[in-house]
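K.L.:
Structure in structure tokens, see below.
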């Protein structure tokens, strides 16, 4: 199991009803982790519509998880 | 109701009077100007008013609005007659309602003095002896120029020519007079005059940016006022570009303002961007952001993007320099409609676009003044609930370059947008199309043309050959024509897909035109 810190922005924050959380997961990649979270929180956006950043750097969705990673999922927003 | 009107016939004063009823008003004051029987010793038996209506209406509206703002009255209206008037007829009517009588009297006086002085309305007097003369309206005494103090607690001096004072920013070593001259020479386009656009426009106008273009197709709604700080409650229903232009003129009269009352589209955005040094994207529309991004990449005009969601915002500067990342480097495709949250659906706290718009203004000034900036490119995420921000460096090597590069992505994006924008256009007759600047291209077969000639200069390329003979087409807007609009529609979309963005199809084809017979009879 890997323990990571998650931060949610915009629609994801609203749908998860929290702005962040710490999770222990067996997911191998960022994409697997997002799919796991999608089921848990009912996220409406697919990973294709999102950017993901790990430890303040944009990252590839296939990146493997490491203990202590801080992961941010970022949807595009339109408000003005 | 408008604040100023022209009337060519006698009008119903009771209705005007009723329109100024206001629950907060404790006083009403009216002024009536009548036609009298003499002027400067000559007997007059009537007169005629002639107005340059467009200008008179705009200036009259301004005068009454000034009076409302200056004296803080609740409602005011001025009506000026035009045409022939007899002795005793009402020439001007002004009504003002306000909380207290003093402001009502003063506002009334202000309006009549300014109207007489500023409106392009001329008076022709008819004398008893049969002579007539146009009478100039000169030497108006303006009571308010002699006011030292009036109803409420701030005094207004007579307007003098405004001299901007930028000393607080030129004092900055990095700005100075050289920087100020750069700002004065700069042309900046602000797309969207809403929550983000209001602070951007305010700060750029205040800073003395020489020319500001404003794009906004909306009218002010009451729901805008919690975050759109350029506007007042009494502006509701007015086009935002006009309101914003007026506000900027009041804030810094030295700024030149250009307004675009329709959203930019794939057909004109590149031309518009080429006229500006910098673009600030402030809409609440993802489609507009992608369109702006693509035009920025193709024209090399830097773009400052921001957007907000509830309590958060995102900020990205697209420098449009080769090798620097763009919006598509992050999110290659525009998300489907409804995927990205908007202020209407998700709500937003007013100061959130205020903060992000202010940051856009900072980025704009940094670019215009060539101030020190972060060397790398990043997406800035700001959460105003927990006060955190994250600066995520964007690696251009992981963006559009993995496909065909930003320029190719922008070309494709614009072509897709263009392919769906106003391909089919309606004309009642072909003369109108020619007058609108279109070159006609007839795609029909020889037999069809013989049976129903166009009766207008045109180029002939049968639809089956349009693909291979596309290079023969002239530059500039073209109107493809066939019998029903079907072949021309298919051809226009195909050519647009090849990057020929100025191609249109006559909607409904020849069948939709009035026949020459219809046109010449009657």
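We did not get these values from a lab; they are worked out from the coordinates using the rules stated. Only a predicted model underlies this, so the values are computations on that prediction, with no experimental measurement involved. FYI the Cβ positions are ideal-geometry reconstructions off the backbone, even for glycines, and counts take in every protein chain you see.
K.L.:
Please determine, in degrees from 0 to 90 and to the nearest 10, the orientation of helix B:53-71 with respect to the longest principal axis defined by the Cα atoms of chain B, where the helix direction is its Cα long axis.
P.N.:
Around 70 degrees separate the two axes.
K.L.:
Based on the alpha-carbon gyration tensor of segment A:2-74, what equivalent-ellipsoid semi-axes (square roots of 5 times the eigenvalues) come out, in whole Å, largest first? Please list the in-between numbers first.
P.N.:
Details: eigenvalues 54, 33, 29 Å².
Computed over segment A:2-74, the values are 17, 13, 12 Å.
K.L.:
Between segment B:296-313 and segment B:187-253, what is the separation of their alpha carbon centroids in Å?
P.N.:
The distance from the Cα centre of segment B:296-313 to that of segment B:187-253 comes to 18 Å.
K.L.:
Sticking with this structure for a sec: For segment B:168-420, what proportion of DSSP beta bridges, expressed in % and rounded to the nearest 5, is antiparallel?
P.N.:
Values: 19 of 37 bridges.
Bridges in segment B:168-420 are about 50 percent antiparallel.
K.L.:
Compute the acute angle (0 to 90°) between the alpha-carbon long axis of helix B:176-185 and the principal axis of greatest extent of the alpha-carbon atoms of chain B; round to the nearest 10°.
P.N.:
With rounding to tens, the tilt is 90 degrees.
K.L.:
Oh, and also: For segment B:423-521, what does the alpha-carbon gyration tensor say about shape, rounded, prolate or oblate, given a ≥ b ≥ c as the root eigenvalues, a/c under 1.5 as rounded, and a/b over b/c as prolate? Before the final figure, lay out each step's value.
P.N.:
Numbers: a/c = 1.81, a/b = 1.46, b/c = 1.24.
In terms of gyration-tensor shape, prolate.
K.L.:
With a 10 Å radius around each residue's Cβ, average the other Cβ atoms per peptide and rank B:503-513, B:41-51, B:194-204, highest first.
P.N.:
Averaged packing, sorted descending, gives the order B:194-204, B:503-513, B:41-51.
K.L.:
When N is the residue count of segment B:223-322, what does its C-alpha Rg come to as a fraction of 2.2 N^0.38 Å? If you can, show how the numbers build up before the last one.
P.N.:
Numbers: Rg = 15.0 Å, N = 100, 2.2 N^0.38 = 12.7 Å.
Against the empirical 2.2 N^0.38 Å value, I get 1.18 for segment B:223-322.
K.L.:
Also, I was wondering about something else. Over chain B, what is the relative contact order in whole percent, taking alpha-carbon pairs under 8 Å and six or more residues apart?
P.N.:
Numbers: 987 pairs, mean separation 48.8, N = 522.
Relative contact order, chain B: 9 percent.
K.L.:
May I pose another question? Specify whether the C-alpha gyration tensor of segment B:252-379 places it in the rounded, prolate or oblate class, a ≥ b ≥ c being the square roots of the eigenvalues: rounded for a/c under 1.5, otherwise prolate if a/b is larger than b/c and oblate if not. List each step's numbers first, then the result.
P.N.:
On the way: a/c = 1.21, a/b = 1.17, b/c = 1.03.
Because its axes are fairly even, with a/c under 1.5, segment B:252-379 counts as rounded.
K.L.:
Next up: Using only the alpha-carbon atoms of segment B:4-136 as identical scatterers, what base-10 log of I(q)/I(0) does the Debye formula give at q = 0.14, 0.15, 0.22 Å⁻¹?
P.N.:
With no solvent term, the Cα-only Debye profile gives -0.63, -0.71, -1.25.
K.L.:
I would also like to ask the following. Using the Cα atoms of chain B, I'd like the radius of gyration and the largest Cα-Cα distance, Dmax, both in angstrom.
P.N.:
When restricted to the Cα atoms of chain B, Rg and Dmax are 29.1, 89 Å.
K.L.:
So, one more: Within 10 Å of each Cβ in A:50-60, how many Cβ atoms from other chains are there, averaged over the peptide? Walk me through the numbers before you get to the answer.
P.N.:
Details: counts 2, 5, 0, 5, 0, 0, 5, 4, 10, 3, 1.
Counting Cβ atoms of other protein chains within 10 Å of each residue's Cβ and averaging gives 3.
K.L.:
If you don't mind, there's one more thing I want to ask. Whole angstrom only: what separates the Cα centroid of segment B:62-128 from the Cα centroid of segment A:23-48?
P.N.:
Segment B:62-128 and segment A:23-48 have Cα centres separated by 68 Å.
K.L.:
Continuing with this model, one more query. Starting from 0 in steps of 10 Å, tell me what percent of the Cα-Cα pairs of the protein assembly as shown lands in each bin.
P.N.:
Pairs per bin, as whole percents: 3, 13, 18, 18, 18, 16, 10, 4, 1, 0, 0.
K.L.:
Right, another one. Counting partner chain Cβ atoms within 10 Å of every residue's Cβ in A:67-78, what's the average?
P.N.:
Whole-number average of other-chain Cβ neighbours for A:67-78 is 6.
K.L.:
Compute the FRET efficiency between residue B:89 and residue B:254 as 1/(1 + (r/R0)^6), taking r as their Cβ-Cβ distance and R0 = 30 Å, and round to the nearest 0.05. The partial results should precede the final answer.
P.N.:
Numbers: r = 43 Å, r/R0 = 1.45.
E(calc), rounded to 0.05, equals 0.10.
K.L.:
Treating each Cα of segment B:168-420 as an identical point scatterer and ignoring solvent, apply the Debye formula and state log10 I(q)/I(0) at q = 0.13, 0.16 Å⁻¹.
P.N.:
Result of the Debye calculation: -0.80, -1.25.
K.L.:
Further question on the same structure: Can you show me the helix-derived [θ] at 222 nm for the protein assembly as shown, built from DSSP H runs with n ≥ 4 at -39,500 (n - 2.57) apiece and divided by the number of residues, rounded to the nearest 500.
P.N.:
Taking each H run of at least 4 residues, the total per residue is -9000 deg cm²/dmol.
K.L.:
Over chain A, calculate the relative contact order: mean separation of alpha carbon pairs under 8 Å at least 6 apart, over the residue count, as a percent. Present the calculation step by step, with values, prior to reporting the outcome.
P.N.:
Details: 133 pairs, mean separation 33.0, N = 80.
Once divided by the residue count of chain A, the mean separation gives 41 percent.
K.L.:
What does DSSP give for the protein assembly as shown in terms of the percent of beta bridges that are antiparallel, rounded to the nearest 5?
P.N.:
Working: 64 of 101 bridges.
Within the protein assembly as shown, antiparallel bridges account for around 65 percent of the total.
K.L.:
What's the whole-number percent of alpha carbon pairs in segment B:362-456 lying beyond 16 angstrom? Don't jump to the answer; show the numbers that get you there.
P.N.:
Values: 3506 of 4465 pairs.
Percent of Cα pairs beyond 16 Å in segment B:362-456: 79.
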